[in-house]
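The values are calculated or read from the model by the stated rules, or taken from the named source; none is laboratory data. On a predicted model such as this, the values are computed, not experimentally measured, just so you know. Positions of Cβ are generated from backbone atoms using ideal geometry, with glycine treated the same way; all protein chains shown enter the neighbour counts. Accessible surface is based on the protein model in full, side chains and every heavy atom, while ligands, DNA and RNA are left aside. Shrake-Rupley method; radii C 1.70, N 1.55, O 1.52, S 1.80 Å.
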Amino acid sequence: MTSQALREARIYEEVAEKSVSAEERPEFHLSARTGWMNDPNGFSCYGGKYHMFYQYHPYDSHWGPMHWGHAVSEDLLHWEYLPAALAPDETYDRNGCFSGSAVTLPDGRQMLMYTGVQQLRLANGGIRDIQTQCLAVGDGVDYEKYENNPVLDEKDLPEGCSSADFRDPKMWRKEDGTYCCVVGNRPADGSGQILLFTSKDGFSWEFKKVLIANNNRFGKMWECPDLFELDGRMVLLTSPQDMLPQGFEYHNGNGTLCLIGDYDEKTDTFTEEHDQSIDYGIDFYAPQTILTPDGRRVMIGWMQNWDTCNFRSRNVAWFGQMSLPRELFIKNGRLYQRPIKELENMRHNKVEYHDISVSGTVRLEGVKGRRIDMELTLRPEDPRNLYQKFAVRFAQNDQYQSSFSFRPRESVLKIDRKFSGSRRAIIHQRRSLVNSKDGELKMRIILDRFSVEAFINDGEQVMSAIIYTDQEADGISFFADGTVKMDVVKYDLC
Ligand code: FRU
């Protein structure tokens, strides 16, 4: 039975969506149907389609009582909205249906697990969250909340674990038909940890162990965990709050963390070997992954960051978009990402230049646009006389521009959006240390109206950022202090 809260949300979103034209949205990044979007939820393949749910407040372009929005796609690039899937309409989730995940049950139904939030008023006037894990089962459009919700609560937590920070279950079904899930949590020291729970049938769950403890190393609370095998290694993705920068890693406050290690299936023991940021730009958080039917591990994140998300005015029709779907792989012990191969089907109007000399500012015929896929290959004209700086400027006109600039002597790549038209003093720049030998660098830059994502050195690093620059600013130019030799391959994406 659909609750009144869900019925109202569904009616509201259907009407509100009509006020947004296609040009006012990204072309191939999923954006909020109306109102506010944050984390990807329940990212899954079900009934022959990809499903993406998301943290959703349909009534406002700012965060509020969380619903689950819903969209489906055949290629992860063209999305069709479905009616909102969950609304906060039960006692145990009356203050929000927070992030979670999806699995397919053996009987063919889809099951969602999410965090129910209930706020209690304390005697001292304060408010305390009670976070529990809850289920809803459905057919890909309508979901019924499970009568025995919540399926995991305070009673399932070991001594000292917080029931106020206990959220974002990511579950999966194992080959033997049993289920596991990892959930973010906070132990008594206020740090973060990831708990592992298991279930025989998906409905009754028990605590297995603390899988990984943060021990106050990478920020505090770890949100939105995801655990999966990749190229023979085990990978944990999580989004820690309150991170401290370490060198060029972890500059985002609300950051992203990838741990790569070994996993002992018998004892469920994860041994960390490598850590890195998932994204080195400004706007990326809370990613979730799926295994596609053809065996690719694909990740989508919220292309936004809690530290910079309050800069759009209140009266915009939608706020929040997802990142490009990215195929993950491991190379030289690191997490690599590349845009999903389906993006190549959207490439049109190829423009190609080889061995262009860039010294000062250069513009190239046919190289412009705000929905583009552009590969740049840089090398110095003379390795013994290295250039000082290279920059590519985009979303550019007389008034606006954003840029990537590269200083080969420091091997630092910088994104800068301070002239992108933002009227707020939010973070506008981020620097990343990149691998470059003798001033060589490869970048693949994807623009989709309101965002930029750069895949550096075939995906060794990615930098993502939101830009709300007027769409008329569609110029691209190149600049070098010294001389750079450059190849450009550019496509329109449509
Ligand atoms: C991460 C997060 C999650 C939570 C959700 C609430 O961005 O804070 O931990 O489930 O957003 O909207």
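Per residue, what accessible area does the chain have, given a 1.4 Å probe and all protein chains present, in Å²?
On the way: 19760 Å² over 494 residues.
In whole numbers, the chain has 40 Å² accessible per residue.
Carbon and sulfur: what percent of the chain's accessible surface (1.4 Å probe)? Don't skip to the end; give the middle numbers.
Details: 9020 of 19760 Å².
Carbon plus sulfur share of accessible area: 46 percent.
If I take every Cα pair under 8 Å that is 6 or more residues apart in the chain, average their sequence separation and divide by the length, what percent do I get for the relative contact order?
Working: 1358 pairs, mean separation 60.4, N = 494.
Normalised by residue count, the contact order of the chain is 12 percent.
With label points built 7 Å along Cα→Cβ from the Cα atoms of L120 and Y81, find their separation and express it in nm.
3.8
For a test of the definition: using alpha carbon positions, the gyration tensor, and the 1.5 limit on a/c, classify segment 220-340 as rounded, prolate or oblate.
Details: a/c = 2.14, a/b = 1.51, b/c = 1.42.
Note, shape of segment 220-340 comes out prolate.
Could you pull out the pairs from K49/K174; K414/K490; K341/K490; K49/K341; K174/K331; K170/K208 whose alpha carbons sit more than 19 Å apart here? Numbers along the way, then the final one.
Values: K49/K174 21 Å; K414/K490 21 Å; K341/K490 16 Å; K49/K341 17 Å; K174/K331 26 Å; K170/K208 15 Å.
Pairs exceeding the cut-off: K49/K174; K414/K490; K174/K331.
Using 0.36 nm per residue, how much length does the chain from R314 to I11 gain when fully extended, once their Cα-Cα distance is taken away? Intermediate values should be presented prior to the final figure.
Details: separation 303, 0.36 × 303 = 109.08 nm, distance 2.14 nm.
Extra length from R314 to I11 when fully extended: 106.9 nm.
Place the peptides 198-209, 14-25, 388-399 in order of packing, highest mean first, counting for every residue the other Cβ atoms within 10 Å and averaging per peptide. Could you put the intermediate results ahead of the total?
On the way: 198-209: 15.2, 14-25: 12.6, 388-399: 18.7.
Top of the packing list down: 388-399, 198-209, 14-25.
Where the centre of each part is set by its Cα atoms, how far does segment 151-190 sit from segment 433-478, in angstrom?
A separation of 37 Å, based on Cα centres.
Applying 1/(1 + (r/R0)^6) with R0 = 56 Å to the Cβ-Cβ distance of M1 and A425, what FRET efficiency is obtained, to the nearest 0.05? Please report the intermediate quantities before stating the final value.
Numbers: r = 48 Å, r/R0 = 0.86.
With R0 = 56 Å, the Cβ-Cβ based efficiency is 0.70.
Expressed as a whole number of Å, what is the distance separating the alpha-carbon centroids of segment 229-294 and segment 314-339?
Taking the Cα centre of segment 229-294 as reference, the centre of segment 314-339 is 13 Å away.
Work out how much length I127 to E23 would gain on full extension: take 0.36 nm times their residue separation and subtract the Cα-Cα distance, in nm to one decimal.
On the way: separation 104, 0.36 × 104 = 37.44 nm, distance 4.16 nm.
Extending this stretch completely gives an extra 33.3 nm.
So how tilted is helix 4-17 from the main axis of the chain? Cα-based, degrees 0 to 90, rounded to 10.
Roughly 20 degrees between the two axes.
Using only alpha carbon positions, build the gyration tensor of the chain, then give the equivalent ellipsoid semi-axes as the square roots of 5 times its eigenvalues, largest first, whole angstrom. The partial results should precede the final answer.
Details: eigenvalues 301, 127, 85 Å².
Those come to 39, 25, 21 Å.
Can you work out the FRET efficiency for the pair K437 and V489, with r the C-beta to C-beta distance and R0 = 25 Å, to the nearest 0.05?
Values: r = 21 Å, r/R0 = 0.86.
Approximately 0.70, to the nearest 0.05.
Modelling each spin label as a point 7 Å along the Cα-to-Cβ direction, I'd like the D60/S204 distance in nm, to one decimal.
4.1
According to the Cα gyration tensor, what semi-axes, each the square root of 5 times an eigenvalue, does the equivalent ellipsoid of segment 92-184 have, listed from largest to smallest in whole Å? Don't jump to the answer; show the numbers that get you there.
Working: eigenvalues 141, 48, 17 Å².
Here the semi-axes work out to 27, 16, 9 Å.
Name the trypsin sites (Lys or Arg not before Pro) in segment 396-494 that are in a loop by DSSP and that have at most 13 other C-beta atoms within 10 Å, would you? Spell out each step's value before the answer.
Values: sites: R409, K414, R417, K418, R423, R424, R430, R431, K437, K442, R444, R449, K485, K490; in loops: R409, R423, R424, K437, R449.
Within segment 396-494, the qualifying trypsin sites (Lys or Arg not before Pro) (loop, at most 13 other Cβ atoms within 10 Å) are R409, R423, R424, K437.
Between K341 and L364, what is the label-to-label distance in nm when each label sits 7 Å out along the Cα-to-Cβ direction?
2.6
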